[in-house]
Amino acid sequence: MKNTVLVAVAAVGVLLSCENKESVSQTPESNAEITIMSLDPGHFHAGLIHKSMYPQVDSTVYVFAPEGPELKDYMNRMSGYNSREEDPTAWDLQVSTGEDYLDKMISSKPGNVMMVAGKNDRKIDYISAAINNGIHVYADKPLVINKDGYKKLLDAFAQAEQNDLLLYDIMTERFEISTILQRELSMNPAVFGELEKGTLENPAITKESIHHFFKYVSGNPLIRPDWFFDTDIEGTGIVDVTTHLVDLIQWEAFPEVILDTTEVEMLTAKLWPTVMDLEQFKQVTGKSEFPGFLQKNVSNDKLSVNSNGEMNYTLKGVHAKVSVIWNYQAPEGTADTHYSMMRGTKANLIIQQGEAENYVATLYVELLEGQDEALSALVKEKLQDRFPGLDLEKISDGKYKVIIPEKYHNGHEAHFAQVTEKYLEYFTSKNMPDWEVPNMIVKYFTTTEALEKAQEK
């Protein structure tokens with residue numbers, strides 16, 4: 001296949017092409033601490049980290065990928081950020097195409113951080129190749145989708161530690177304001193008490209989310225690649241979006257605690273499909289028919305995708321429930337939603353995002369021991385330094401809604417800049433907390449354990 005280098009002109013987002021280039025051309029040496037190499041950007045998250053620019057990151061992004069619609073979508077997204085009227089970015093893209101894109105990245109190595117977001121079945125092999133060749137990794141979730149991948153991930157983390165490399169996954173949901181405040185309130189014994197242990201039927205902590213195949217991103221309809229609907233590539237629902245929810249359970253229930261896989265017991269897990277017809281498939285992929293590799297999941301002209309999952313497990317003896325549902329499209333005026341409950345000995349902390357909340361994640365507090373004054377002091381006084389404008393609205397005796405100013409609801413896309421800034425902080429100051437890597441390992445152990453449990457005959 002012919003190799004091509006494409007350069008995005010930062011000022012106007014115009015794409016130029018030069019034929020027969022074997023690898024990316026080298027720009028003058030940069031003073032920036034970080035230069036990003038984007039490998040096979042098959043998911044729109046690969047572009048979202050570039051919606052903002054960062055002082056310590058070079059404006060040149062080196063892209064290594066096969067030719068095709070996914071690369072084109074990535075280029076168009078970056079071009080759109082460069083050419084927008086408000087706060088445009090100035091990314092210069094050098095894109096090297098060809099089926100040997102991974103070998104080209106490894107051999108030329110024009111940057112020091114690999115960013116990867118795309119086909120989940122091969123992501124761990126990309127990560128391992130980067131780590132084994134002295135390249136830091138910043139990867140979209142999930143890093144792995146089965147036990148074979150998990151074993152490779154353990155080796156990658158061991159190699160990264162040996163070579164002083166940073167391997168980190170993108171956990172955007174830690175930056176959702178309602179979740180941040182749920183965590184803050186749960187850490188206050190006067191208000192929350194202690195986290196209950198719970199039971200299988202009544203977990204101490206519950207995380208549920210509803211997602212949609214067809215939706216809008218940056219104001220445009222999201223076109224998903226056809227492989228997204230092959231769970232052998234994307235992963236089933238129980239190992240994909242659940243990554244975020246398992247992470248939040250660890251992050252909230254055991255803040256800054258180093259966890260171990262021996263503290264996880266998987267109790268139950270199940271998978272079930274979302275079914276779509278050909279017209280729906282056309283709308284979300286732009287493809288006129290179901291491709292051959294998806295025929296294994298087509299029956300009566302309808303495609304079944306095992307995108308829904310549920311798991312019940314204990315972590316350090318605490319019962320947790322995680323579930324993810326993928327519908328085809330959200331009803332008019334709605335979006336992806338999140339539900340969460342943490343049950344304490346003194347209070348329940350509940351996040352709801354339904355019609356009553358205008359589909360905005362909203363935090364409620366149910367007091368069990370009449371500690372109204374302690375809650376008021378925490379929200380209206382102590383948390384004011386970090387979150388000016390927080391307030392409480394009394395719903396009924398013992399039940400309050402936390403009033404969160406609109407400015408804190410910055411949205412899913414903005415969270416990519418926030419988590420990227422956290423990665424850059426860890427990279428530049430070399431101060432990543434000692435619990436991050438062990439807890440990433442526990443997280444992927446949990447999701448892959450759930451998959452095995454769900455697939456038991």
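The values are calculated or read from the model by the stated rules, or taken from the named source; none is laboratory data. Quantities reported herein were computed from a predicted structural model and do not represent experimental measurements. In this analysis, Cβ positions are derived from the backbone assuming ideal geometry, glycine residues included, and neighbour counts consider all displayed protein chains. The accessibility values were calculated without ligands, DNA or RNA, using every heavy atom of the protein model including side chains. Shrake-Rupley method; radii C 1.70, N 1.55, O 1.52, S 1.80 Å.
For residue 40, the amide hydrogen comes within under 5 Å of the amide hydrogens of 64, 65, counting only partners 5 or more places away or on other chains and with H modelled in the peptide plane.
The stretch between residue 359 and residue 272, if pulled fully straight at 0.36 nm per residue, gains 28.8 nm over its current Cα-Cα span. Report the paramagnetic label zone for residue 418: residues of segment 76-108 whose backbone N is under 13 Å from a point 7 Å from Cα along the Cα-to-Cβ axis. So the set is empty, nothing qualifies. Along segment 69-77 the Karplus relation, 6.51 cos²θ - 1.76 cosθ + 1.60 evaluated at θ = phi - 60°, assigns HN-Hα couplings of x, 5, 5, 4, 4, 4, 4, 5, 5 Hz to successive residues, with x for each Gly and Pro. Distances between placed amide hydrogens fall under 5 Å for residue 347 paired with 368, all partners being 5 or more residues away or on another chain. Computed per residue of the chain from DSSP H runs no shorter than four, each worth -39500 (n - 2.57), the mean residue ellipticity at 222 nm is -9000 deg cm²/dmol.
Extension gain, residue 336-residue 199: 0.36 nm per intervening residue step, less the Cα-Cα distance, totals 46.5 nm. Based on Cα atoms of segment 306-421, Rg over Rh with Rh as the Kirkwood radius reads 1.00.
Please list, in order along segment 369-380, the HN-Hα scalar couplings obtained from phi with the Karplus expression 6.51 cos²θ - 1.76 cosθ + 1.60 (θ = phi - 60°), rounded to whole Hz, x for Gly and Pro. Result, rounded to whole Hz: 10, x, 8, 4, 5, 5, 5, 4, 5, 5, 6, 8. Residue separation of residue 407 and residue 56 scaled by 0.36 nm, minus their Cα-Cα distance, works out to 123.8 nm of gained length. Computed over the Cα atoms of segment 35-153, pair by distinct pair, the Kirkwood hydrodynamic radius stands at 14.5 angstrom. Ordered by 1.4 Å accessible area with all protein chains kept, 216, 444 run largest first as 216, 444. Against the main long axis of the alpha-carbon atoms of the chain, helix 177-186 sits at an angle near 40°. The calculated FRET efficiency for residue 99 paired with residue 429, based on their beta-carbon distance and R0 = 60 Å, is about 0.95. Across the cross-link table entries 51/152; 141/207; 316/382; 119/152; 109/422; 316/346, which are compared at the Cα atoms, the separations over 27 Å belong to 51/152; 316/382.
Couplings 3J(HN,Hα) of segment 349-354, computed from phi: 10, 10, 9, 10, 9, x Hz, in residue order, whole Hz [Karplus 6.51 cos²θ - 1.76 cosθ + 1.60, θ = phi - 60°; x for Gly and Pro].
With a Förster radius of 35 Å, plug the Cβ-Cβ distance of residue 258 and residue 394 into 1/(1 + (r/R0)^6) and report the FRET value to the nearest 0.05. The computed FRET efficiency comes out at 0.35.
Judged by the ratio a/c of the largest to the smallest principal axis of the C-alpha gyration tensor, segment 287-339 counts as oblate, that ratio being 1.5 or greater while a/b is no larger than b/c. Taking R0 as 51 Å, what's the FRET efficiency between residue 386 and residue 295 from their Cβ-Cβ distance, rounded to 0.05? That pair, residue 386 with residue 295, gives E of 0.45.
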